[in-house]
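This report concerns only the one structure given below.
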Amino acid sequence: YNYLDCSNLPFTWVFTYTIERVTPPTEFGTPVAITATVECAAQAIAPALPVVKDVCGNTLTAPAPVMSGTYTTCEGTIIYTYNYTDCAGLPFTWTFTYTIDHTSVPVVPANGTATVQCIIDAVTPTVPVVTDVCGVAITPVLNIVENPGPLVTEGTRTYIYTYTDCSGLSSVWQFEYTIDDNIAPVVTGCPATITIQTGAGRTTCDKNYTWTAPSVTDNCSSLANIAITWTITGATTGSGTGNFNTYVFNKGTST
């Protein structure tokens, strides 16, 4: 301030301000959450940021975050760190931490069932595509259970698929076949009835007969897999007719 009296004699008075910031920026307003737990890394998006001001009330622009954490491919943490600096170079650091934690088991469709005639029809089912909670496809582990086991003719065969995600959460899908063969074998080419002539006092037939064995087909087996046995019986005295042939298959008997 330069003072002058009426004769212009001067007097000077000086006041000096030194502007020196020592108070760093800080968060203003309602505090913003600094942690969250999610199931997938894709959900760990850039968080809502707080309002950060310097000591003079100027709002600072958020810098690009520094990323860190323990997450690799399944679970862990993803950390966003924002390093604010005011015009004097005073820092303020704000950090947001995501915890990635799988808690939802893989979702599988309803179990499947089917009833078939033959073991050969109990084929591997169409395996459903199952993903974890984050959409990552899971390769299942297969286990086949037969009852009675090992399955020979009829019973059940169950294909059991276990889906396990990267965090160890599992779900099971299964397809059960009931093998129930209710179609009898088909016998063709049986010989005609044979009449055996006998006389008074005779104990044996007066003639021997031979014939070609009949053919047999089964809905579940080829002829080579069908075991055939037969016997021939008839009257030993008097006169009469009669014969029967018995065919024994791997699944039952047809006459």
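The values are calculated or read from the model by the stated rules, or taken from the named source; none is laboratory data. Every value quoted in this text rests on a predicted model; they were computed, and no experiment measured them. Note that we place each Cβ from the backbone using ideal geometry, even for glycine, and neighbour counts take in every protein chain shown. Calculation scope for accessible area: heavy atoms of the full protein, side chains included, ligands and nucleic acids excluded. Shrake-Rupley method; radii C 1.70, N 1.55, O 1.52, S 1.80 Å.
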Cα-Cα pairs of the range 48-135 separated by more than 17 Å (percent): 69
Order by protection proxy (mean Cβ within 10 Å, highest first), peptides 15-28, 173-186, 133-146: 173-186, 133-146, 15-28
Share of carbon and sulfur in the accessible heavy-atom surface of the range 1-88 [1.4 Å probe, %]: 60
